[in-house]
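Visitor: I have a structure here, written as structure tokens, and I will follow up with some questions on it.
Rule-based calculations on the coordinates, nothing more; no lab input. All figures in this text were calculated on a predicted structure; none of them were measured in a lab. Positions of Cβ are backbone-derived with ideal geometry, glycine not excepted, and every protein chain shown enters the neighbour counts.
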Amino acid sequence: MDIPKRNLSLFILIIFVTKDLSHAEINIEIINDLSSTVQLHCKSKDIDLGNQRLQPGGSWSFHFQRNFFGRSLFYCSFDLPDGRRRWLDIYKEPRDNLGGNWWKRYSDRILPTGLCRLIDDCFLWGKN
């Protein structure tokens, strides 16, 4: 059975576009807006980014490729100055990939109540 060249070309084009869009790069920056040092530890199911220590006003960033199936998830624990350890999903699809942007940079600010991306886009601390 012969496949018409036009259909074969279209199939190859779809494969390349899908591969390119599904592996878009995501950049996460975490900024310490507290007046004390914060220790944090971020990871995904497969990648452990290790412990990080942020001085007041300090920042730390990491980047990763989106999961092909749109199920990327990175979460972080934060050891807060009051001795509490709190967890947050720092990046979770589809929550953080609405709008179909294929390259994104997020800046998350650590506040006493949680993490804020924008003025109205805050995530309250999870329980221990």
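Visitor: Could you sort 63-69, 27-33, 81-87 so that the peptide with the highest average Cβ count within 10 Å comes first and the rest follow in order?
Guide: On the way: 63-69: 13.4, 27-33: 18.1, 81-87: 11.9.
Ranked from most to least packed, the peptides come out as 27-33, 63-69, 81-87.
Visitor: Same structure, new question: Tell me, what ³J(HN,Hα) does each residue in the stretch 42-47 have, in order and in whole Hz, if you take phi through Karplus 6.51 cos²θ - 1.76 cosθ + 1.60 with θ = phi - 60° and put x for Gly and Pro?
Guide: Whole-Hz 3J(HN,Hα) from phi for the stretch 42-47: 10, 6, 10, 4, 10, 10.
Visitor: Around Ile90, which amide H atoms from residues at least 5 apart in sequence, or from another chain, sit under 5 Å from its own amide H, with H modelled in the peptide plane?
Guide: Long-range HN contacts for Ile90: Phe74, Tyr75, Cys76.
Visitor: Give me the one-decimal Kirkwood hydrodynamic radius in Å for the stretch 41-93, with the sum taken over alpha-carbon pairs.
Guide: Numbers: mean 1/r = 0.0811 Å⁻¹.
For the stretch 41-93, inverting the mean 1/r across all distinct Cα pairs yields 12.3 Å.
Visitor: Each residue of the stretch 71-80 in turn: what ³J(HN,Hα) in whole Hz from Karplus with 6.51, -1.76, 1.60 and θ = phi - 60°, glycine and Pro shown as x?
Guide: 10, 5, 8, 10, 9, 9, 9, 10, 8, 7
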